[in-house]
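The values are calculated or read from the model by the stated rules, or taken from the named source; none is laboratory data. Everything numeric in this text was worked out from a predicted model, so none of it was measured. Cβ placement follows ideal geometry from the backbone for every residue including glycine, while neighbour counts extend to all protein chains displayed.
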Amino acid sequence: MRKKTTLVFSLVKDQSIFMTVIISILSFLAIVSFGIALSIGSGVVRWNTQWDKYATIQISKSENTAYVKQVFVKHSKQIESVKEITKTEMENMMRPWISSGARLNNYLPEMYELKMKNAKDMTAIKKDIGTRAKFLNHTSALKNSISAGWKLVSITVFVLLIILTSIGVCISYISKNIAMLHKHELEILNQVGASDDFIAKQMQIIVGKISSVACLIGFVSAVPILFMILSTAHSARVGLLATLNLTGNNWLALILLPIIIICFSVFITRKTTIKILSEK
């Protein structure tokens, strides 16, 4: 049975509260930024895989409608489904950008949404349609949105790294101050034969407990914010925002992040304490 390490000194109340608040805030920011990065990343992947077999056909001149429909019949074995987009549906999609009072019926083209059985078959259909209608592959058309999504992921990951660095700096600074404030206690421990490793372990236990409570507070505070962000994004109904989501693996990664922060805090505490003790 493993012997339990008994604490021989502890932080004063003000130190504990200050450290808990700082780590809580930083862990909250880290979890939110990481959650946003994961949701955008999963949204981009979902967006890309969702639309690679889709295309929109826009017919500006009604006399070309019959020809385009003949092309659909010709390639019926390659086409999984053809859906005509009604004027009402087009108006609903454009409503976020155009006021509801706008008269759109005279300006909207005939539109059909194709879903192919295989993405590579789109080339043949596009060639047959030619200039009779505008062929818009969804993946190609949304390339800029996908690129913007990955850029947002990069930005949020960069913010996350900054927050983790801030946590490391704060823990290092706080550990140093704690060691200085408890200098006499540490000297007494040394005099009675306590090793540097034993003293560092004392600091690790204290910081580990505080970090655990702080990360729990940060995680519990961050989860409702993430749900609110996802709900707001889904209310857009169209575009990349509507695809943002957190999968089961994403939630597992979010749960692991506070654990990583706790381990990181304990590691930084040990490294800082050993360094201070070696300078005595």
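Looking only at the stretch 44-87, which residues are part of a strand (DSSP E or B) and either of a type in the set (Val, Ile, Thr) or under 17 Å from ASP128 (Cβ atoms) (or both)?
ALA55, THR56, ILE57, GLN58, ILE59, ILE79, VAL82, ILE85
Where the second residue is in a helix (DSSP H, G or I) and the first is closer than 11 Å to LEU26 by Cα and lies in the stretch 152-163, which pairs have Cβ atoms under 7 Å and are six or more apart or on separate chains?
LEU160/ALA30; LEU160/SER33; LEU160/PHE34; LEU160/ALA37; ILE163/LEU26; ILE163/LEU29; ILE163/ALA30; ILE163/SER33
Report the residue count in the stretch 242-271 for those that are assigned to a helix (DSSP H, G or I), under 16 Å from GLY43 (Cα atoms) and not hydrophobic (A, V, I, L, M, F, W, C).
4
Looking for something over 35 Å from the mean Cα position of the chain (by Cα), exposed (fewer than 15 other Cβ atoms within 10 Å of the Cβ) and at pLDDT below 60 - is there at least one such residue anywhere in the stretch 93-101?
yes
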